């Protein structure tokens, strides 16, 4: 493949991932923004509405795992096309229901399937075309779709009724994910010296489960804090600057260390460290305004670093052979389960003795656990995995 073609495909893949992450976060933003008008008009309780979100998250987790199989085999384009259709149907069908249970199923299942495909497709799409010292900056550009969705959709939907808002977002998903499917490309051939783990080898290894523990603990802690004290809009605004800067910084570490797994591991530890900083600021800062600003910056840095570090570590250690399935399983555990655990301890913990400070201490423990787990991760893939790739490539010549 010519260098100019490769460069064009790389930028198109970044654009496709940006659109996918915009829509991925957009579903959560849309649900939150329209929850009040929906409850008021339909007279549904908070618990009934929460059921729809829970079903969406569960469907997202399962879709990410199954979608990873398709992404590994066929690339991100079919996944994005399916996400466009399912996301549109979820928004449209949700507006046609008259009961909370019907809404939960009609909206939650298609929307969950769509978001799972978006999440896995975006990660694999970027990593397939940009690796090593290029991945961090590329992921930083793609991940900007998330805070842009938070800021843009919150402003757009607050002036609309819930049914109109859902239809508008549904058509937006159809258009943007259709464009993402057109931009996406199947992965180029794997490189000779690239790690080549199978899915079975990966899930039987400590690097995988160490990564899951690190990410799971940080996501639980993150959602404890989200439920308490963090200003979403402020975090999203600050993230417009911290996300690309974090990507560039992570690529600098790759150059500095000379080994990508070591740099991505360092970013996981640093990301958890920013979460620890936010918790400490809350516990020891009496000025609420100062805390709001400082914690927003700390969480924006955490948000910018953690996910990219996890994807980069997984891809640099295990290779791209089964990356869709690997990241899908990570999503099943860390997107499907961890947010619910964190939200439970952050909001629904029935023990009245759990005041906000106690919950923040719980979050602090989660971030410390994440940092310790990340610190134990190995930094080099076993040599026989790489050697097998090189031997296979030589045999094909």
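With helices as the sole contributors, the chain gives -28000 deg cm²/dmol at 222 nm; each DSSP H run of n ≥ 4 counts as -39500 (n - 2.57), and the sum is divided by every residue. Here the average projected area of the convex hull drawn through the C-alpha atoms of the stretch 1-75 stands at 6.5 nm². If R0 equals 25 Å, the separation of the Cβ atoms of residue 283 and residue 372 corresponds to a calculated FRET efficiency of about 0.80. Computed from the C-beta positions of residue 234 and residue 40, the FRET efficiency with R₀ = 22 Å rounds to 0.25. When every Cα-Cα distance of the stretch 1-188 is counted in 5 angstrom steps from zero, the calculated P(r) takes the values 1, 9, 17, 21, 19, 13, 9, 6, 3, 1, 1, 0 percent. Here the Gaussian network model covers the chain, with springs between Cα atoms less than 10 Å apart; of 302, 362, 74, 74 fluctuates the most.
Could you tell me what fraction of 2.2 N^0.38 Å the Cα radius of gyration of the stretch 118-254 comes to, as a two-decimal ratio?
On the way: Rg = 18.2 Å, N = 137, 2.2 N^0.38 = 14.3 Å.
That ratio works out to 1.28.
Which peptide among 215-221, 119-125, 240-246 comes first, and what is the full order, when sorted by highest mean count of other Cβ atoms within 10 Å?
Those peptides, ordered most packed to least, come out 119-125, 215-221, 240-246.
By the beta-carbon count within 10 Å of each Cβ, the least crowded to most crowded order of 265, 255, 186, fewest first, is 255, 186, 265. Rounding to the nearest 10 and keeping the result within 0 to 90°, find how far the Cα-based axis of helix 145-157 lies from the longest principal axis of the chain. Tilt of helix 145-157: around 20 degrees. In a fully extended conformation the segment linking residue 96 and residue 198 would gain 32.3 nm over its present Cα-Cα distance, using 0.36 nm per residue.
When Rg and the Kirkwood Rh are both derived from Cα coordinates, the Rg/Rh ratio for the chain amounts to 0.97.
Taken together, the values in this text are just the output of simple stated rules run on the coordinates, not laboratory data. Worth saying up front: this structure is predicted, and the values here are computed from it rather than measured. Note that we place each Cβ from the backbone using ideal geometry, even for glycine, and neighbour counts take in every protein chain shown.
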